[in-house]
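For reference, the structure is listed below as structure tokens.
The values are calculated or read from the model by the stated rules, or taken from the named source; none is laboratory data. This structure is a prediction, so every number in the text was calculated from the model and none was measured. Glycine gets a Cβ as well: all are built from the backbone with ideal geometry, and neighbour counts include every protein chain shown.
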Amino acid sequence: MARDQFADHDRRDFLRIAASGAALLGLAPFGAPAQPAGGAPLKIGMVGSGREGGALGTALVKAGHPVMFSSRHPEQLKGLVDGLGPRAQAGTVEQAIAFGDVVAIVVPYTAIEQIGKDHGAALAKKALVIDVSNPSARRDGKDLAKWVEQQGGAGLATAKLLPGAHIVRGFNAINYLKLAEDAHRPDGLVGVPIVGDDQNALATASSLIREIGFEPVVVGGLSMGKYLVPGTPLGGEHTAAEIRQIAAGLH
Ligand SMILES: NC(=O)c1ccc[n+]([C@@H]2O[C@H](COP(=O)([O-])OP(=O)(O)OC[C@H]3O[C@@H](n4cnc5c(N)ncnc54)[C@H](OP(=O)(O)O)[C@@H]3O)[C@@H](O)[C@H]2O)c1
């Protein structure tokens, strides 16, 4: 997947488009199911509600989960949450973490260190922390990229920054526009490779992924997180069978 895809659209444009799109689609309050397919709704806190976080949170609202989107400027998320109905709300990062049974971290990788310092204890108490953030030398600088590599890749690096958190990496190489476009694809579900060291967290992540219309594929522990970034063989779109085949050749 070309890295430029992540920089094509202005984030504020995305929030506006997502909000009006959700309203047009009638996702909420009437479009979302009363109960998620996987069972009881889980409260989701989104840390990062830009292009990817906004799209992922929107998919989770659509699947029937209450979602708190967050920003350092939560008032700027009004358009997004208004368009999604009563299951969506906006808050600060601290509020979203307190709200969530599950927290998704979808921020520039450089922000994770401070998030860990400020909220690490709260994040360690969550059943699942989904890490969608990718280190990028172009955006985050060569030093950060080198540090991540020295830790053994993005999975182990995030674990160092968020000690004790039940981390699952996932969605890392699925473009935010594709999250809506590829959900529930009738000609075969798109696979989502995930990695993690905690079986319960992996099970919860798998259930959420199925509910939003993709097929989860556990490809290993956090040490395999180095392959869950754009530009690796697992990047881009694959079926679950293709992911298993590709992952078998990685170590
Ligand atoms: N875009 C994609 O298609 C895509 C796909 C897969 C993975 N990713 C990964 O997802 C992450 C986000 O990408 P994006 O394209 O969604 O970026 P984006 O549109 O620029 O959004 C970034 C989000 O991070 C938040 N943020 C930034 N610094 C923060 C901090 N110190 N504390 C708390 N929140 C902070 C921003 O909130 P504020 O409102 O407070 O600025 C904003 O909500 C990146 O790591 C990227 O590699 C992106």
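State all residues of segment 209-230 that are of a type in the set (A, V, I, L, M, F, W, C) and either in a helix (DSSP H, G or I) or out of contact with any Phe, Trp or Tyr (no Cβ under 8 Å at 6 or more places or on another chain) (or both); if no residue qualifies, say none.
I209, I212, F214, V217, V218, L222, M224, L228, V229, listed by residue number.
Here is a check on your reading of the model: is P233 touching a residue at least 60 places away in the same chain (Cβ under 8 Å) and either assigned to a loop (DSSP other than H, G, I, E, B) or under 15 Å from the mean Cα position of the chain (by Cα) (or both)? Steps first, please.
Values: touching a residue at least 60 places away in the same chain (Cβ under 8 Å): no; either assigned to a loop (DSSP other than H, G, I, E, B) or under 15 Å from the mean Cα position of the chain (by Cα) (or both): yes.
Judged against the criteria, P233 is not a match.
Please specify each residue of segment 114-130 satisfying the condition of being more than 9 Å from the ligand (Cβ to nearest atom) and of a type outside the set (K, R).
Within segment 114-130, G116, H119, G120, A121, A122, L123, A124, A127, L128, V129, I130 qualify.
Evaluate the following for A34: is it out of contact with any helix residue (DSSP H, G or I) (no Cβ under 7 Å at 6 or more places or on another chain), in a loop (DSSP other than H, G, I, E, B), under 21 Å from K126 (Cβ atoms) and modelled with pLDDT under 95?
no
Taking A201, is it surrounded by 22 or more Cβ atoms within 10 Å (Cβ to Cβ) and in a helix (DSSP H, G or I)?
Considered against the rule, which asks whether it is surrounded by 22 or more Cβ atoms within 10 Å (Cβ to Cβ) and in a helix (DSSP H, G or I), A201 comes out as no.
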